[in-house]
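The numbers here are math on the coordinates, done by the rules we state, and not lab data. These figures come from a predicted structure and were not determined experimentally. Here the Cβ positions follow ideal geometry from the backbone for every residue, glycine too, while neighbour counts run over all protein chains shown.
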Amino acid sequence: MSRGLSLCRVVAADANGVRAAAARACPVNPSIGPSNMPRYGNLSGDSGVVSYETTRDSITLTFVNGDRYVYTHARPGRAAVDRMKALAKAGRGLSTFVSQQVRENYERKL
């Protein structure tokens, strides 16, 4: 694997719904490394989210380009953060929710 890349597990379904797992190269933010945060389930196989970490009042997401964002009860709000935590745990829908509902409403970029 070249510098700045890690292997990511990808699960995808073909046209018949047959699921298969594969590995692909994914960018890694060198300041955090590939294993400091739990991997996002990515059940659809095409998520922009690679990993996440939760606290009582926040969720931090790492995206495939290595960018990390913190979302808190203060911004974008408790309801959005709680929904993001539920989607992260389920392994499906998190990237879509962020891109459609939360957008740029994050507490800070790390």
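Laid out as a table, the results:
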| quantity | calculated |
| --- | --- |
| Interchain or long-range residues, amide H under 5 Å from Y40's placed H | S51, Y52 |
| Packing-based exposure ordering (other Cβ within 10 Å, fewest first) of E53, E104 | E104, E53 |
| Theoretical gain in end-to-end length, D67 to A90 [0.36 nm per residue, Cα-Cα removed] | 6.1 nm |
